[in-house]
Amino acid sequence: MSVKEVISRKLPRKIITAAITVPIYAILLALVTPYFYESNVYSLWRYLGKILVTTQGYILYSFPAILLYGVFTSSSKRLTFIQIHEK
């Protein structure tokens with residue numbers, strides 16, 4: 001199996017895994033820290049509104065980080081192993 005075949009088979013699964021993981025991570029993080037600059041909770045609706053806004057921001061910034069981290073940490077050893085044995 002060549003490196004191109006490994007990448008073409010593994011990368012779509014990593015993207016799907018990141019697409020599932022990131023919203024869960026963002027929602028849980030927004031529930032814990034919904035406010036960046038304010039520390040007072042005035043009402044439940046304001047709290048839920050802040051959660052919705054910050055969840056989108058967390059998704060925006062965490063998707064590339066989680067995807068790149070997952071790709072580099074899980075496939076670098078395997079790709080090196082495959083490249084060594086192809087020679």
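Nothing in this text is a laboratory measurement; each read-out follows from the coordinates by a stated rule. On a predicted model such as this, the values are computed, not experimentally measured, just so you know. FYI the Cβ positions are ideal-geometry reconstructions off the backbone, even for glycines, and counts take in every protein chain you see.
At a glance:
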read-out: Rounded FRET efficiency, nearest 0.05, which uses the C-beta distance separating Gln56 from Ser8 and R0 of 25 Å; value: 0.20
read-out: Extension reserve of the Ile20-Ser74 stretch, reckoned as 0.36 nm per residue once the Cα distance is removed; value: 17.7 nm
